[in-house]
Amino acid sequence: MLQAILSPADLLTTLGERYATKKFDPSKKIPHETWHALEESMRLSPSSFGIQPWWFIVVDTPEIRARLLPVSWGQSQITDADRLVVFATLKQVENKHVRHYIEDMAQTRGLRPEDLAGFEQMLQTAMMPKANIEWNRRQSYIAMGFLGLSAALLGVDTCMLEGIDPTAYDNILGLTDTDYATVAAVACGYRASEDDTIPEKRAKSRFPLDEVVRHV
Ligand SMILES: Cc1cc2nc3c(=O)[nH]c(=O)nc-3n(C[C@H](O)[C@H](O)[C@H](O)COP(=O)(O)O)c2cc1C
């Protein structure tokens with residue numbers, strides 16, 4: 001059984017304090033161990049059929065961050081946050097991607113790829129026809145959610161960023177000739193104290209629970 005590691009009240013406190021950070025403090029760095037756990041939170045995200053149609057591109061190079069800024073509506077999170085992750089997804093799941101998955105799973109579970117022939121065929125017939133870029137993007141958003149929540153639980157601020165030009169990102173990040181395309185980005189770091197959008201200064205805007213949760 002999963003062990004609860006925090007109380008419901010603590011979870012709600014963290015969710016209430018989390019917000020889409022507009023201003024990061026560029027001097028504050030995420031400790032190495034914390035960042036490693038956040039990279040793992042993306043890798044351990046679920047995906048439909050387990051296909052993992054994603055790359056998580058951590059943009060470490062300041063010059064590349066500077067080039068991304070003007071194609072991100074000039075949003076300061078791109079350059080000020082300690083870490084920037086660009087979520088890229090497969091344009092289409094093909095036979096070679098299914099094969100890679102099967103070989104990886106066989107190795108992990110001490111099997112031969114032939115042992116998974118039935119599963120491989122099911123992926124080819126039931127998944128591949130629908131695993132286009134739209135379907136793959138949806139998988140990436142789940143990983144974004146995992147990163148955002150995991151970061152909040154570790155006291156790290158984030159801002160998910162769809163306000164970017166994905167085609168320009170593909171060019172700058174060298175994705176154009178790959179099987180992957182940019183979906184969105186997530187900036188991670190620590191809030192600047194002068195950020196006016198911190199929840200204590202600006203109440204979180206959410207519809208009431210009984211409006212959005214329907215019991216039937
Ligand atoms: C997929 C997605 C894309 C977003 N893109 C941006 C963005 O480009 N810039 C930004 O400042 N906030 C962005 N946000 C943040 C939302 O505006 C924010 O989550 C929402 O207004 C609720 O506020 P809160 O997260 O502070 O509670 C994005 C959020 C999501 C989930």
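Here are some notes:
- Among the residues of region 119-131, not a single one is open to solvent by 20 Å² or more (accessible area, probe 1.4 Å) and either under 26 Å from W35 (Cβ atoms) or within 12 Å of the ligand (Cβ to nearest atom) (or both).
- The single condition from (1) farther than 25 Å from K96 by Cβ; (2) touching a residue at least 40 places away in the same chain (Cβ under 8 Å); (3) near the ligand (Cβ under 10 Å from one of its atoms) that Y141 fails is (1).
- Taking residues in region 147-173 that are farther than 23 Å from T14 by Cβ and away from the ligand (no atom under 15 Å from the Cβ), and partners anywhere that are open to solvent by 20 Å² or more (accessible area, probe 1.4 Å) and modelled with pLDDT of 95 or more, the pairs with Cβ atoms closer than 8 Å and at least 6 places apart or on different chains are D170/T176; I172/I64; I172/R67; I172/V71; L173/I57; L173/I64.
- Residues that are open to solvent by 20 Å² or more (accessible area, probe 1.4 Å) and among the β-branched types (V, I, T) were ranked within region 29-78; the one that is nearest to T178 (Cα to Cα) is I57.
- Candidates Y169, Y190, Y180, Y101, filtered to the one that is in contact with a Lys or Arg (Cβ under 6 Å, 6 or more places away or on another chain), under 28 Å from W55 (Cβ atoms), open to solvent by less than 70 Å² (accessible area, probe 1.4 Å) and not hydrophobic (A, V, I, L, M, F, W, C): Y190
The values are calculated or read from the model by the stated rules, or taken from the named source; none is laboratory data. Remember, predicted model here, so these are calculated numbers, not experimental data. Because the Cβ atoms are built from the backbone with ideal geometry, glycine has one as well, and the counts that use them run over all protein chains shown. Ligands, DNA and RNA are stripped out before the accessible areas are found, and what is left, the full protein with its side chains, is counted by its heavy atoms. Shrake-Rupley method; radii C 1.70, N 1.55, O 1.52, S 1.80 Å.
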